[in-house]
């Protein structure tokens, strides 16, 4: 009995280690894209671990059958973090990694904000505040057809300014959608300033709980914690919200925790410095 | 009109198993409550939140359902940006139905009258825009919308109860209801009944064409009417900016330029009153239309 548990633990540890290596690869891809074109680097890096953990260790999906009906679905409601999603989808095998270099170019399948022309993208976004409602529709469709399919929505903390988010919060709780998970990338910044300066969000957890959601608060860069909380969410009969505390620009020290990287193109010098920092960091810290 | 819509939705529920009906706390006045009672698992009342409703519909469509989202036309406009960014942009199979459209909410006043919705829907790529004319056409158009892929906006009135069509509805097809050679009256919605009444007994020989699909417009029917008569009058329960009259003008200006007179609500808001009073005030009753068609015929381009 104990040996079986140990074996599972070992497999889990190997999975996490492998994921960390993949995230390093993906981070490299994102930096490379940012050296070619201006993009929302800061908010792509704050949610990278969340998206990667979902696609590589949690969601049931198949790059060979992107339209499989019973797949789990992911909605990047904060559509400006598209580079992180694209890099993860390429790493998962939805399209060739070389295509990442075409991001935002004319004729590319990788648009500035997600739409359905990209293989693996489950929902369009870009206009903030809509992803949770779309997720409700998908979660309802799964319930109607008796599918095990689960729906994950990733929203920004600034995005919670949108009234529609709270309309959807009420709807999902009312419908008791236990197959719906909302993750809020709580990086503390929005376009103009710190989130609490532009419009106060705190107490965010209190708000979510009062709307009837089972709510967790975690470090959004801690893969073990992300897995743990996503596992718990699977047992819930109510919709689950996860406030993932993150750093904007995580992993690039000259951006970390600032708003400099909201949208930028890395100079040659910055790109090399960021790469160097990435290489220097041990994968298992 | 809305009663016919409710009947059509209920009947379609039997055969279209993937159809899901959504509404925003207006199940009773939009007549979809009966569907909700018969098919509770395919019905969702999201409460007073049109934006949420429209994107939930998008999510259902992304999961291969056929959502029909129903609200009062003026408040469906509140979710226009959701329709643009999510539904129309990705050509999603969502049907949007705005009831109480045009001046039909009459006594409720200008907040509840929708004179801009056709313009807003028509400007969106991928969108089909339908303004059915009579009871039967409301039913047929509802069925056609549900059975054809892609986004559709359909607007229907509240209580007008007219019947003037024999030909079955087909998306994109205009119907010549009355042939004539002096002037062509092009209209849609229940107001076509007024246009027909105006043509009867007019001093001129008027053609009356009912154009229930504003987009895609039946270009051939419109151009050939202009060619035959040389004078066009458009009538609709909508702003004179952006609706059927604009669509016809845009087409004819390049394909067969003749003078087009646009009758509708002339760049203003409505007010409370009875439906008849409002039609009268905005010059949309049969006598007004008759006067305009006679004028148009006399001053025509050939």
Worksheet item: Of the residues that sit in region B:227-251 and are in contact with a strand residue (DSSP E or B) (Cβ under 6 Å, 6 or more places away or on another chain) and in a helix (DSSP H, G or I), which one is farthest from residue B:119 (Cα to Cα)?
Response: B:229
Worksheet item: Mind checking whether some residue in region B:205-226 is assigned to a loop (DSSP other than H, G, I, E, B) and surrounded by 24 or more Cβ atoms within 10 Å (Cβ to Cβ)?
Response: yes
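Yes or no, residue by residue, for (1) within 22 Å of the chain's Cα centre (by Cα); (2) surrounded by fewer than 24 Cβ atoms within 10 Å (Cβ to Cβ):
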| position | (1), (2) |
| --- | --- |
| B:64 | no, yes |
| B:68 | yes, no |
| B:84 | yes, yes |
| B:93 | yes, yes |
| B:100 | yes, no |
Worksheet item: For region B:229-251, does any single residue satisfy the condition of being under 17 Å from residue B:188 (Cα atoms), in contact (Cβ under 8 Å) with a residue 40 or more places away in the chain, more than 18 Å from the chain's Cα centre (by Cα) and surrounded by 15 or more Cβ atoms within 10 Å (Cβ to Cβ)?
Response: yes
Worksheet item: Looking only at helices (runs of 4 or more DSSP H) that fall completely inside region A:1-115, which ones have 2 or more residues that are touching a residue at least 60 places away in the same chain (Cβ under 8 Å) and surrounded by fewer than 19 Cβ atoms within 10 Å (Cβ to Cβ)?
Response: A:2-36
Worksheet item: Can you find a residue in region A:190-201 that is in contact (Cβ under 8 Å) with a residue 24 or more places away in the chain and within 14 Å of chain B (Cβ to nearest Cβ)?
Response: no
Discussion item. Of the conditions (1) within 18 Å of residue B:51 (Cα to Cα); (2) touching a helix residue (DSSP H, G or I) at 6+ places or on another chain (Cβ under 7 Å), residue B:135 satisfies every one except a single condition; which number is it?
Written reply: (1)
Item to complete: Would you confirm whether any residue within region B:182-200 is farther than 17 Å from residue B:295 by Cβ, part of a helix (DSSP H, G or I) and in contact with a helix residue (DSSP H, G or I) (Cβ under 6 Å, 6 or more places away or on another chain)?
Response: yes
Discussion item. Looking for something surrounded by fewer than 24 Cβ atoms within 10 Å (Cβ to Cβ) and within 18 Å of residue B:264 (Cβ to Cβ) - is there at least one such residue anywhere in region B:123-136?
Written reply: yes
Item to complete: Scan region B:140-168 for residues that are under 18 Å from residue B:16 (Cβ atoms) and under 13 Å from the mean Cα position of the chain (by Cα) and jot them down.
Response: B:141, B:142, B:145, B:152, B:154
Worksheet entry | Scan of region A:141-152 for residues that are within 14 Å of the chain's Cα centre (by Cα) and within 11 Å of another protein chain (Cβ to nearest Cβ), ordered by number | A:151
Worksheet item: Can you tell me how many residues in region B:269-302 are loosely packed, with under 13 Cβ neighbours inside 10 Å, under 24 Å from residue B:159 (Cβ atoms) and over 19 Å from the mean Cα position of the chain (by Cα)?
Response: 2
Discussion item. I'd like to know if region A:199-213 contains one or more residues that are surrounded by 13 or more Cβ atoms within 10 Å (Cβ to Cβ), over 19 Å from the mean Cα position of the chain (by Cα) and assigned to a strand (DSSP E or B).
Written reply: no
Worksheet, complete the sentence: The number of residues in region B:45-70 that are touching a strand residue (DSSP E or B) at 6+ places or on another chain (Cβ under 9 Å) and facing chain A (nearest Cβ under 7 Å) is 9
Worksheet entry | Residue that is modelled with the lowest pLDDT [pool: residues in region B:105-122 that are surrounded by 24 or more Cβ atoms within 10 Å (Cβ to Cβ) and in contact with a helix residue (DSSP H, G or I) (Cβ under 6 Å, 6 or more places away or on another chain)] | B:105
Discussion item. Take residue B:219 and tell me if it is touching a helix residue (DSSP H, G or I) at 6+ places or on another chain (Cβ under 9 Å) and closer than 24 Å to residue B:113 by Cβ.
Written reply: no
Worksheet item: If a residue has to be within 15 Å of residue A:175 (Cα to Cα) and surrounded by fewer than 16 Cβ atoms within 10 Å (Cβ to Cβ) to count, how many in region B:30-44 make the cut?
Response: 2
Worksheet entry | Filtered residues of region A:123-140 (kept if within 7 Å of chain B (Cβ to nearest Cβ) and at positive phi) | A:126
Fill in: Only one of A:168, A:155 that is within 14 Å of chain B (Cβ to nearest Cβ), surrounded by 24 or more Cβ atoms within 10 Å (Cβ to Cβ) and closer than 23 Å to residue A:261 by Cα
A:155
Fill in: Which numbered condition residue B:73 misses (of (1) within 10 Å of chain A (Cβ to nearest Cβ); (2) touching a strand residue (DSSP E or B) at 6+ places or on another chain (Cβ under 7 Å); (3) under 18 Å from residue B:28 (Cα atoms))
(1)
Worksheet item: Any residue in region A:239-257 that is free of Cβ contacts under 8 Å to residues at least 60 places away in the same chain, assigned to a helix (DSSP H, G or I) and loosely packed, with under 14 Cβ neighbours inside 10 Å?
Response: no
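The values are calculated or read from the model by the stated rules, or taken from the named source; none is laboratory data. Just so we're clear, the structure is a prediction, and the values are computed from it rather than from any experiment. With ideal geometry, Cβ positions are generated from the backbone for all residues, glycine too; neighbour counts draw on all protein chains shown.
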